[in-house]
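So the structure is just underneath, and the comments pick up after that.
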Amino acid sequence: MITCGLDLGSGVVKGALIEDGRKILNTASRPTRGNPSSAGQQVLEDLAEAENLVPGDLAYLCTTGFGRYMFPNRQLQVSDITSSAKGASFLRPGTRHVLDIGAQSSRAIRISPTGKVLKFKMNEKCAAGAGRFVERCSKYLQVPMEDMSARALSAQKPKLISSVCAVLAETEIINNVAEEVPLPDILMGVYLSLAQRAYSLMRYVGIESEITLVGGLVHSEAMVRAVGDTVHMGVNAQSEGHYAAAIGAALLGHQRALRLSGPAGVRN
Amino acid sequence: MKAAAGIDVGSTTAKCVILRDGELLGKSLNPVGVNIVRDAEEALRLALVDARLDRSEVAFVTGTGYGRYKIAFGQLTVTEISCHARGAHFLFPRTRLVIDIGGQDTKAIRVNERGEVADFAMNDKCAAGTGRFLDVCAGALGYDVAEIGPLSLEARHPVKVTSTCTVFAESEVTSHVSRGKDPKDILAGLHASIANRSLSLLQRVGIEPEVTFTGGVSRNEGMVRALSGRLRMPINVSPLSQYMGAIGAALAGADRLRGGTAS
Amino acid sequence: MVERYYLQLAEAEKAKRPVAYMLVGGNLTEIVRSFGYEVVFPEIVALNCAIKHKSLDNILQAEAQGYGLDVCGYVKNDLGLQSLGGDTPFGHIPKPDLLVCSFSGCYVYIKWWEALAETLGAPLFNFDVPYQRTEKPLKEDVEYMVAQLWDFIHLLEKQTGRSFDMAELKRVLERSRRAEELWVQYLDAGRNVPSPIEAYFEAVFYMFPINVLRGTEEAVRFYETVNQEVKVRLKEGNYPVPEEKVRLVVEGVPPYTNYRTFWDFFRKWGAVSVAATYPKVGGLFDLGFVHDPARPLESIAEYSLGAYVNQSWPLRRELIKKYVHDFQADAVLIHGIKSCRSFTAGQGDLRDWLIHETGTPTLYLESDHEDPRYFAPAQIKNRMDAFFESLEQRKSTAAAGAAAVSGVRVS
Amino acid sequence: MTLLQIHENRGSARVAAPNEEPSVPTMNLSSDLKEVRATRDLAQALKLTMELIQDSSFPTARAWVAGGGHAAAFFPVYTPQEIAHALGLLPVSLRGGGEDLEITHADAALGSFLCSISKSTLELAITGKLDPFGAFVFPYICDVSRNLEGIFSRLRPNAVTHMLHLPQNFTSASSVPFLVAEYGRLVEKLERLAGQRLSKDALADSLQVYNRRRALLADLAALRRSEPWKLAATELNLLERLGDLVPPEVQMPVLERALREVKERQRPKRDAVRVILVGPFCEQPTHDLLSLIEEAGCYVVGDELSMLHRWMGDVPVSGDPLENLARAYIRSPVDIGVRATPMPKGVSIVARAKEAEAQGVLFLTAKFCEPALEDVVLYRKGLDDHKIPYLHLEFEEKSTSYEQSRLQIETFVESVLFD
Ligand SMILES: Nc1ncnc2c1ncn2[C@@H]1O[C@H](COP(=O)(O)OP(=O)(O)O)[C@@H](O)[C@H]1O
Ligand SMILES: Nc1ncnc2c1ncn2[C@@H]1O[C@H](COP(=O)(O)OP(=O)(O)O)[C@@H](O)[C@H]1O
Ligand code: SF4
Ligand code: SF4
Ligand code: SF4
């Protein structure tokens, strides 16, 4: 049985195809560009094409992410916290702590051995704690997104940002540039500041052991290092982590499909 | 009498004017980048070019704005609050209330009949409701800041924008777009929300006519209308309003020249 | 002296002497000390942590436990510190054997002591102090409080196994009275022009004995020395700011995390505070109240009622107005604390009242007492500069402007 | 107008009232309004209540005053409104300004880091919406409410204002006499407004009326607890909030009818998580947020909304009524953020969750509400120890986008339901 999870994020739409709730067949993504449902449709088409699927092959489609209600052809939608937790647990069996840093928000999640959410906390007050902030820095520091991480990693004395506001943080960074703080130190400071905010979320849910990083920032080695340096414990990050929510949604879809065909109780 | 220059180094732009006997000889406006000292120098240089003056003809340089301490070549620094008050009162002598909306903050300044600051209030640590807010939202909608004011005036069903946070407003804007709202209506909503926030700031110092609107955002006609509508009174706006801080600074310098205190 | 105090706490812990936690406002130091307790004031520990730049760690620890961003910084500092073990740069803070909550003027007190009781398991006594809404204390209020004080005394007797010694309490109160009178003498020196004292920044340091060591000979001696010093300053013309330009009345809790920086901003403008409300959080002795050994419990009750934050807004307003008048101040500075609603909620209205109804120039600044994240130096400086500029400017009236360069009117 | 529609409905709604038809202590509501047609059913009554709540000009108080009476406004959480009732005043509970009120003046007077209800209440006063009230009572539930009274005293110098000091010492024998004296100060002020003295008999009668109302609300709450699918959180809340604005005599027939109608309801039972709402004791979440909670998969089986209306059980009527009222407050077992309680918070929350047979706790606290924020930490510890799931959300009067809240509630529900 093939199930699909579609994560309609604010920055990127991600899709994952899973076979029998065990094997990842394929993943694909497209930038959201303000239209989650059409990006989602495209991701779905990309996946179908790559795996030569025909209508009817897909047993179940589960959406997640902020646009989960915006995709009409879904059978179920789950929150992206639930799905990220599930996905992370699949990617890294036994992990108990998941940190999801996406475009708009960061979440710390504590999960059970089966990937069920036990506790979670997300940044609410301020936007300075997520990926969009890195994108902005890249824009006005004129460092391409692809180079941000690599440049940051050569930092000697990272310069932390104290401002809690994403907008005022920009000014602070500009001041740092004016004061001739080396660019790598500023960049690493950005990642470290993100990591510190994430750390306070993690402390709220309580962390004791290794953390699994998911969301768009898994691609950034500097972010991974910053989290590790901040929390002083192992960070597990793999590039599939960006698809954790999509994978989790597909897994939950699979569970659901089994239940529907089986005798178990029905929700709703 | 010799000329006096005022340089206002703000969070977004550096402005410079050169005055002699209350006459505007030259002005300049350039963005602030990472090197504030250089930007301030550049502002003065451009204004000198505009005025066709030589540096030696400017006897007094006053710095104002957030970057005022970086203007090492000036003789005096004054806060932009005093300067906006001074400038606004100079151009509109019956001004009793100045609202200055710049790139990073908003100020309400009550002035007395002599153009002195009687009271003032500024927005809190948050960047909400400032020029930056409009810049970001304009960007999210794919417009230039100069376009959004006029567009907002064409709105028919303004939407309600509740997010006070600049960053979250951006996503609110995107979500309105994805729900198919007319950008003009969204813009009108944004302008209304800033007008409302500004009003609450004006309330702190007390609203009294005449009101003069200064700072970069006063160039935005939509904002002028929104504010005037909310205040239910006309507002003075000068084409020079973004230079108001610099004008005030130059005037303060001119005072010193007259008083013979320039060194 | 502060150092000696923390040393003494550490000794008390070693010697297993009982320790009571108390709040500054309307505290019951005299009674508690007469039963042999050492007293910890977590508010003072918190402000010391902030001055030493140690508060943020504690605050973050408390936030990790779930205390929200908007909870009072003192509370977060204390509870964070407790959960981190109680070590500070100035010594270890012993755990409480008794929690005495004098509910005089801040609701957070109740919540804070509740949390301490629940997390540390010490017995809690809530001393309910009615909010003061009339100039003179009401009879029913005093009766209610005296009855509670007797309950408290019985509790202390049970806890310590000692019996209450009224004669001793009276002796302690007599020493309190002397210290209080000397303290008022110090505060009154602010009436001199120029002022030989700094009634905010300096007084905040000097208020330690009046709050913490009241009832001891040490406190009495301290204020004697201070007043001697003030006399010398007056004689030698040695003032806190060499050239006094602006006389201020200051209202509100200081930003302890940036105490020096903040103070320097003032000095730069030749501004000196001649009277302030904050050093009176422990009691408004300058209004004529002192402990009275002849009416021991009644006067303790009246003292608690009279803590500054326990005064209703109409009383607070009038007091500030009186200070402006009596101390010949030019302006009022209000410092609002983001996480302290007790002091702060309504300061905007106070500002409005001062400016519009009494014609006093007033500056409102906002930051936090404990949380360095809310102290924005550039902004604060900017506001302060603008304010003092305008004060100066108004003093030396400038000529009005010339003709308009250009302008349009939009309607 | 809407008030009268509900009022008129009184006769038909009554079910076997034990006494004579309750008399509304009116200066009477103008007679032309009485011609307004009666409401027909519960849905209609709820709709009217909603309209009443949303009308920030306080139509019921205006009508009351137009009819020659006086109205007194009470800030949450607990105030002895029986006293106002006994004096023939219309007691109205202030609940903030709702989501549509623009705050432009109040920020300036109060400060930035404060809960919405304090700001919007002040805004209402500044913009003249509270003009019909001759008295304002603020209980000492927190520093904000307390200080608000000081601002009101400047703003409305001709009105009666009182900061009611509710004792925080519940063990001293002197607490009751103190509270009687404190109530006495309030009585004096309200007498001035009412232009008459408070009689013991009248107060005893009012105690009885309020006892009955509390009993009715308790019945509704019990019904919801056992069959939550029959009565939505929003509905119960509206029924309670009707009592904020109209005299109990007008509200009670509606409650009686509701009780009867709700019992008969046939509604499908959903697979939802039973939760109790803890925290919104003062500022009230918007109607939309409350319905979102149920929409996202919860049944609310207990809450702290409209605490005033159910603070204590039965207040004894015989003896000195003022003392009875004071004693009832001191003895009330209510555990809430705005009064010191002897039972540790961590214990009390677990007991409350168990009693309501809740599967989880939803902390719904007003942004910047310090008493609520501080309690959450102690509550959390208790819940953690007993492995009871919980979620903490903050709300404000003004927010149109609930995406973040929805996401979190859904996750919470999923975490309880899925395995
Ligand atoms: N290849 C990449 N390298 C570095 N960062 C990336 C990459 N792809 C995405 N990101 C970061 O991840 C964020 C998007 O993360 P994602 O988890 O997809 O967010 P959402 O689900 O909210 O759309 C972007 O803001 C960007 O900063
Ligand atoms: N042509 C324009 N039309 C509308 N708004 C403008 C225009 N030019 C500048 N602005 C606004 O003015 C702001 C800058 O104002 P300014 O007073 O120069 O700020 P600062 O003094 O802080 O540098 C910008 O953020 C922008 O929103
Ligand atoms: S501080 Fe900045 S990021 Fe935070 S709410 Fe304000 S504008 Fe938004
Ligand atoms: S008065 Fe303010 S600073 Fe002191 S405990 Fe209360 S809230 Fe905190
Ligand atoms: S919401 Fe909280 S802080 Fe605000 S008035 Fe009510 S109890 Fe006080």
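Numbers at a glance
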quantity: Qualifying positions in the stretch D:373-414 - in a loop (DSSP other than H, G, I, E, B), in contact (Cβ under 8 Å) with a residue 24 or more places away in the chain and of a type outside the set (S, T, N, Q); calculated: D:H386, D:I388, D:P389, D:E396, D:E397, D:K398, D:Y402
quantity: Test: A:L213 is touching a strand residue (DSSP E or B) at 6+ places or on another chain (Cβ under 6 Å), part of a helix (DSSP H, G or I) and within 25 Å of A:K14 (Cα to Cα); calculated: no
quantity: Condition broken by D:H392, with the remaining ones in (1) surrounded by fewer than 24 Cβ atoms within 10 Å (Cβ to Cβ); (2) away from chain A (no Cβ under 12 Å); (3) touching a helix residue (DSSP H, G or I) at 6+ places or on another chain (Cβ under 7 Å) satisfied; calculated: (2)
quantity: Check on C:K16, surrounded by fewer than 24 Cβ atoms within 10 Å (Cβ to Cβ) and free of Cβ contacts under 8 Å to residues at least 24 places away in the same chain; calculated: yes
quantity: Inter-residue pairs, beta-carbon under 6 Å, first at negative phi and in the stretch C:372-385, second modelled with pLDDT of 90 or more and of a type in the set (G, A, S), 6+ apart; calculated: C:Y374/C:S367; C:F375/C:S367
quantity: Subset of the stretch D:360-372 (residues that are within 9 Å of ligand 5 (Cβ to nearest atom) and either free of Cβ contacts under 8 Å to residues at least 40 places away in the same chain or aliphatic (A, V, I, L, M) (or both)); calculated: D:A366, D:A372
quantity: Elements of type helices (runs of 4 or more DSSP H) contained in the stretch A:98-195, each with 3 or more residues being within 16 Å of ligand 1 (Cβ to nearest atom) and surrounded by fewer than 22 Cβ atoms within 10 Å (Cβ to Cβ); calculated: A:131-140, A:145-153
quantity: Matching residues in the stretch C:369-388 - criterion: being crowded, with 21+ Cβ neighbours inside 10 Å and acidic (D, E); calculated: C:E370, C:D371
quantity: Of all residues in the stretch C:341-368 being away from ligand 4 (no atom under 16 Å from the Cβ), buried (at least 21 other Cβ atoms within 10 Å of the Cβ) and acidic (D, E), the one that is farthest from the other protein chains (Cβ to nearest Cβ); calculated: C:D352
quantity: The listed residue being modelled with pLDDT under 95 and part of a loop (DSSP other than H, G, I, E, B), out of B:I194, B:I207, B:I186; calculated: B:I207
quantity: Number of positions in the stretch C:81-125 that are within 16 Å of ligand 5 (Cβ to nearest atom) and basic (K, R); calculated: 1
quantity: Number of positions in the stretch B:130-149 that are at pLDDT 90 or above, more than 7 Å from ligand 2 (Cβ to nearest atom) and under 14 Å from B:A195 (Cα atoms); calculated: 0
quantity: Search result, residues across the stretch D:116-143 that are within 16 Å of ligand 4 (Cβ to nearest atom) and more than 17 Å from the chain's Cα centre (by Cα); calculated: D:D143
quantity: Criterion (part of a helix (DSSP H, G or I), more than 9 Å from every other protein chain (Cβ to nearest Cβ) and crowded, with 21+ Cβ neighbours inside 10 Å) met by exactly one of B:V217, B:V224; calculated: B:V217
quantity: Among the residues listed as C:P279, C:P240, C:P254, the single one being closer than 23 Å to C:N77 by Cβ, in contact (Cβ under 8 Å) with a residue 12 or more places away in the chain and either among the charged types (D, E, K, R) or not in a helix (DSSP H, G or I) (or both); calculated: C:P254
quantity: Members of the stretch A:221-234 that are surrounded by fewer than 24 Cβ atoms within 10 Å (Cβ to Cβ) and within 16 Å of ligand 1 (Cβ to nearest atom); calculated: A:E221, A:V224, A:R225
quantity: Enumeration of residues in the stretch D:137-159 that are hydrophobic (A, V, I, L, M, F, W, C) and within 14 Å of ligand 5 (Cβ to nearest atom); calculated: D:V137, D:F138, D:I141, D:C142, D:V144, D:L148, D:I151, D:F152
quantity: Some residue of the stretch B:39-46 being surrounded by 24 or more Cβ atoms within 10 Å (Cβ to Cβ), in contact with a Ser or Thr (Cβ under 6 Å, 6 or more places away or on another chain), without any contact (Cβ under 8 Å) to a residue 40 or more places away in the chain and away from chain C (no Cβ under 14 Å); calculated: yes
quantity: Counted residues, the stretch C:316-326 - those being under 14 Å from C:G288 (Cβ atoms) and within 14 Å of chain D (Cβ to nearest Cβ); calculated: 1
quantity: Residue count, the stretch D:82-115 (criterion: surrounded by 24 or more Cβ atoms within 10 Å (Cβ to Cβ), at pLDDT 95 or above and among the small types (G, A, S)); calculated: 2
quantity: Elements of type helices (runs of 4 or more DSSP H) in the stretch C:310-394, at least 2 residues being within 17 Å of the chain's Cα centre (by Cα); calculated: C:313-326, C:341-344
quantity: Residue, nearest to D:G279 (Cα to Cα), within the stretch D:299-346, restricted to residues that are in contact with a Ser or Thr (Cβ under 6 Å, 6 or more places away or on another chain) and within 14 Å of chain C (Cβ to nearest Cβ); calculated: D:D335
quantity: Failed item in (1) more than 8 Å from every other protein chain (Cβ to nearest Cβ); (2) at pLDDT 95 or above; (3) closer than 15 Å to C:D368 by Cβ, with C:W113 passing the rest; calculated: (3)
quantity: Residue tally, condition at pLDDT 90 or above and under 22 Å from B:V217 (Cβ atoms), over the stretch B:1-12; calculated: 4
quantity: Residue match in the stretch B:232-243 (condition: more than 16 Å from B:S152 (Cβ to Cβ), among the hydroxyl-bearing types (S, T, Y) and away from chain C (no Cβ under 11 Å)); calculated: no
quantity: Test: residue in the stretch B:202-210 that is surrounded by fewer than 24 Cβ atoms within 10 Å (Cβ to Cβ), within 11 Å of another protein chain (Cβ to nearest Cβ), among the β-branched types (V, I, T) and closer than 30 Å to B:A3 by Cα; calculated: no
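Per-residue answers, yes or no, for (1) within 16 Å of ligand 3 (Cβ to nearest atom); (2) surrounded by fewer than 24 Cβ atoms within 10 Å (Cβ to Cβ); (3) away from chain A (no Cβ under 14 Å):
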residue: C:R4; (1), (2), (3): no, yes, yes
residue: C:E38; (1), (2), (3): no, yes, yes
residue: C:S55; (1), (2), (3): no, no, yes
residue: C:N58; (1), (2), (3): no, no, no
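Table: residues versus (1) under 21 Å from the mean Cα position of the chain (by Cα); (2) within 14 Å of chain C (Cβ to nearest Cβ).
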| site | (1), (2) |
| --- | --- |
| A:V143 | no, no |
| A:D147 | yes, no |
| A:A150 | yes, no |
| A:S154 | no, no |
| A:E172 | no, yes |
| A:V177 | no, no |
| A:V190 | yes, no |
| A:V214 | yes, no |
| A:L217 | yes, no |
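The values are calculated or read from the model by the stated rules, or taken from the named source; none is laboratory data. This is a predicted model, so every value here is computed, not measured. Cβ: placed from backbone, ideal geometry, glycine included. Neighbour counts: every protein chain shown.
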